[in-house]
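Beneath this line is the structure, given in structure tokens, with notes to follow.
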Amino acid sequence: MRVRIFALTSVILSALLSIYLSGCERISQVVQPDATTTATETTLKIGVIQPSNTFTTFSQGAETARVQINEMGGVLGMPVEFISRNNQPVATEPPTPEASVTAANELIEMENVFALLGPIYSTNSVEVGPIAQHAQRLMLPGSSGANVPAAGDYVFLITVPNPFQGKVMASFAMNPDELGAKTAATIIEEGDVYTTDLVAAFEAAFQEIGGEIVYSGAYIVGDTTFAALLTDIHNVQPDVIFCPGFQPEVPSLISEAREIGITGTFLGGSAWDDRERFLSILADNTVLDGSYYPTNFSVATQDTDVQAFVGSYTALFERPPDGIAASGYDAMRLLARAIETAGSLDRVAVRDAFAAVSGYKGATTISHYDENRLPVKSLTIQTITGGQVEHYKVIEP
């Protein structure tokens, strides 16, 4: 009898234990934090996609903001931590879309970052945008391609978008009080989204206000001589040459143009504001004198917020910031502001708070975002004089 009672008791205890464990498992499933919110994180992890050898001031600008934010107590009480990935496999070549995609996937899937700062080149950003959108991660690139935010409502530009850059530079070129140009040649970098987008915007605006595009050409990354292209331009003698590409090709192209007698004024794009490297290509930068390019920032701006950025950046990196640094700085500060406004790490709430940005003042000023997630902001025109960059004027939107 005792054996049967013991056996029955064992069966009952086994059943009760099974029910208890099953219940614990269900309770555990209920109380587990939502992995998408990172609510239990002690730090706010932000992914940074940064080329190792070009436009490096983007991450330095972001780092300036990170230091300031952490000194003030972090975001929602959490210190900000950057996790970086390099998307430039070969230091002497541009960062690649493939490396950018790999970097984004690693940062999201392996590191579970809350948002992405970068990439820089529009050619890379258009490939990373869909990844960020699918994962519901805010992506704040350093690029200016108007089509980059087309990936979806988690992607916002920070810098002045190409359509506004192109329109401003076309108007500046034709303004009789400025260059008074009537004809223009344009040059893109073959296969590059940024230069193609920006040149298209410039050409459309230039022609709309009565100018004539007399030549459109292209060079290839890695070109060291531009004889055929420049011979064609020399033959049509344009008043201005719009060439918004990158170093090392553009400074070398301008130098070669002057050598063969091309006298038209060279105009660039915001990519020229990688000034430390842009001005490191030629032995004598005075050959660039009289050129103009747009950027979203100038150290000459006498504004409390701008000078706070300039002072902090210079203290950290022992040199003044450029427009690329300003974009990194504003990206991080705008992200922190959106999270604080949302009051949580709910991704939808933060995205909505970012879309509602109004009257932001940091390294630059953003009035608001339009329906395509492009910032409405002023643009600064810089000029090169005596081989050095100088502030020229501010253009309001």
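Here is a yes/no grid of residues against (1) closer than 23 Å to residue 170 by Cα; (2) basic (Lys, Arg); (3) touching an Asp or Glu at 6+ places or on another chain (Cβ under 8 Å); (4) part of a strand (DSSP E or B):
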site: 333; (1), (2), (3), (4): no, yes, no, no
site: 337; (1), (2), (3), (4): no, yes, no, no
site: 341; (1), (2), (3), (4): no, no, no, no
site: 352; (1), (2), (3), (4): no, no, no, no
site: 359; (1), (2), (3), (4): no, no, no, yes
site: 363; (1), (2), (3), (4): no, no, yes, no
site: 368; (1), (2), (3), (4): no, no, no, yes
site: 383; (1), (2), (3), (4): yes, no, yes, yes
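So is residue 109 out of contact with any Gly (no Cβ under 7 Å at 6 or more places or on another chain), surrounded by fewer than 24 Cβ atoms within 10 Å (Cβ to Cβ), among the charged types (D, E, K, R) and under 15 Å from residue 47 (Cβ atoms) or not?
So residue 109 fits the description; yes.
Out of segment 49-83, which residues are under 18 Å from residue 313 (Cβ atoms) and without any contact (Cβ under 8 Å) to a residue 40 or more places away in the chain? Don't jump to the end; show me each part of the working.
First pass over segment 49-83, keeping only residues under 18 Å from residue 313 (Cβ atoms): 50, 55-72, 80, 82.
Answer for segment 49-83, where residues must be under 18 Å from residue 313 (Cβ atoms) and without any contact (Cβ under 8 Å) to a residue 40 or more places away in the chain: 56, 70, 71, 72, 82.
Within the set of pairs 6 or more residues apart or between chains, which connect a residue that is at positive phi inside segment 95-121 to a residue that is modelled with pLDDT under 95 and β-branched (Val, Ile, Thr) with Cβ atoms less than 8 Å apart?
Qualifying pairs under 8 Å: 112/38.
Examine segment 294-303 for a residue that is in contact with a Lys or Arg (Cβ under 9 Å, 6 or more places away or on another chain) and over 30 Å from residue 92 (Cβ atoms), and state whether such a residue exists.
Yes, segment 294-303 has at least one match.
Conditions first: (1) free of Cβ contacts under 8 Å to residues at least 40 places away in the same chain; (2) crowded, with 17+ Cβ neighbours inside 10 Å; (3) not in a helix (DSSP H, G or I). Residue 245 passes all but one, so which condition is the exception?
(1)
Restricting attention to segment 170-191, which residues are of a type in the set (D, E, K, R) and surrounded by fewer than 23 Cβ atoms within 10 Å (Cβ to Cβ)?
Once the filter is applied, which keeps residues that are of a type in the set (D, E, K, R) and surrounded by fewer than 23 Cβ atoms within 10 Å (Cβ to Cβ), segment 170-191 yields 177, 178, 182, 190.
Condition first: farther than 13 Å from residue 58 by Cβ and not in a helix (DSSP H, G or I). Now tell me which residues in segment 149-173 satisfy that.
152, 153, 154, 155, 156, 157, 160, 161
Take the residues in segment 288-303 that are modelled with pLDDT of 95 or more and surrounded by fewer than 19 Cβ atoms within 10 Å (Cβ to Cβ); name whichever of them is farthest from residue 181 (Cα to Cα).
That would be 289.
Can you tell me which residue in segment 54-75 is surrounded by the most Cβ atoms within 10 Å (Cβ to Cβ), limited to those that are part of a loop (DSSP other than H, G, I, E, B) and either touching a Phe, Trp or Tyr at 6+ places or on another chain (Cβ under 9 Å) or of a type in the set (Asp, Glu) (or both)?
55
Restrict the check to segment 220-227 and report whether at least one residue is under 29 Å from residue 396 (Cα atoms) and surrounded by 15 or more Cβ atoms within 10 Å (Cβ to Cβ).
Checking segment 220-227: not a single residue is under 29 Å from residue 396 (Cα atoms) and surrounded by 15 or more Cβ atoms within 10 Å (Cβ to Cβ).
Residues in segment 195-209: is at least one at pLDDT 95 or above, part of a helix (DSSP H, G or I) and assigned by TED's automatic domain parsing to the domain that holds residue 372?
no
The values are calculated or read from the model by the stated rules, or taken from the named source; none is laboratory data. These figures come from a predicted structure and were not determined experimentally. Glycine gets a Cβ as well: all are built from the backbone with ideal geometry, and neighbour counts include every protein chain shown.
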